[in-house]
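S.K.: Please see the structure below; I have some questions.
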Amino acid sequence: MSPFGPFYCVFRWDLSKFDCPDPSKTTEVRIRLASESEIGSVAELWYEGLGQEEGSPWMNYLKKWTPTSAGRWFLDSKKRLGAKMLVVEINEKIVGINGIISERNSGKGRFFTGVVVSPGYRKRGFGSLLLHKTLSDLRREGLRWAEVETIQGIPAAKYLYPKYGGMGIQVPA
Ligand SMILES: CC(C)(COP(=O)(O)OP(=O)(O)OC[C@H]1O[C@@H](n2cnc3c(N)ncnc32)[C@H](O)[C@@H]1OP(=O)(O)O)[C@@H](O)C(=O)NCCC(=O)NCCS
């Protein structure tokens, strides 16, 4: 991490070039949209998942949020912008999320929460499953691009987002 604080960056996928085969998953794993009654626990997972990343890169960002205010943000995004909350579950326990907004005018799908996996379930392919499903759904909807804002050098930027054709673009902090 830079001594000047985190540098934000954007990852972008060209969905016209996205054609990766489905990653394999076992029968107890399911990907689906969260219901409204699940948004509270999804918000807790998001808050804890960002908080428990190595080196605490999200610490400053999270000062603006509590799990309760994040839950209100997710519900409001659904109501106003038609946001979807994709979740992955194993044995009916939600272990990862990605919140998505489809912007028809710009042809872009934005991950407004970023992909977040529960700390105890990382490096088992759940992040890749969420990313793959997000990209294939957005492509099927007819969107051209997918984008997420993240922090340079963290595991998401180093290992997950470069998958499936994701390209990093640096932006001023
Ligand atoms: C980034 C994150 C979502 C990845 O989820 P995950 O379920 O561990 O991802 P996967 O298991 O699908 O891993 C994807 C690839 O990255 C690699 N990887 C993931 N984390 C890694 C780490 N800490 N060190 C080394 N490799 C790592 C995996 O080995 C895998 O490699 P492969 O494609 O060659 O098989 C998870 O670490 C996380 O929730 N981090 C905190 C939240 C966050 O910062 N999210 C980004 C918000 S913008």
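Quick note: the coordinates plus some simple rules give every number you see, no bench work behind them. None of these values were measured; they are calculated from a predicted model. In this analysis, Cβ positions are derived from the backbone assuming ideal geometry, glycine residues included, and neighbour counts consider all displayed protein chains.
S.K.: For the range 101-133, which residues satisfy the criterion of being over 21 Å from Val29 (Cα atoms) and either away from the ligand (no atom under 13 Å from the Cβ) or hydroxyl-bearing (Ser, Thr, Tyr) (or both)?
M.R.: Once the filter is applied, which keeps residues that are over 21 Å from Val29 (Cα atoms) and either away from the ligand (no atom under 13 Å from the Cβ) or hydroxyl-bearing (Ser, Thr, Tyr) (or both), the range 101-133 yields Ile101, Ser102, Glu103, Arg104, Asn105, Ser106, Gly107, Lys108, Gly109, Thr113.
S.K.: Separate question: Of these, Thr66, Thr27, which one is of a type in the set (S, T, N, Q) and touching a residue at least 12 places away in the same chain (Cβ under 8 Å)?
M.R.: Residue meeting the stated conditions: Thr66.
S.K.: List pairs: first residue in the range 104-132 and farther than 21 Å from Arg32 by Cβ, second residue of a type in the set (D, E, K, R) and not in a strand (DSSP E or B) anywhere in the structure, Cβ distance under 6 angstrom, at least six positions apart or on different chains.
M.R.: Gly107/Arg144
S.K.: Further question: Is it the case, given these coordinates, that Arg139 is buried (at least 18 other Cβ atoms within 10 Å of the Cβ), away from the ligand (no atom under 13 Å from the Cβ) and among the basic types (Lys, Arg)?
M.R.: When the stated conditions are applied, Arg139 passes them.
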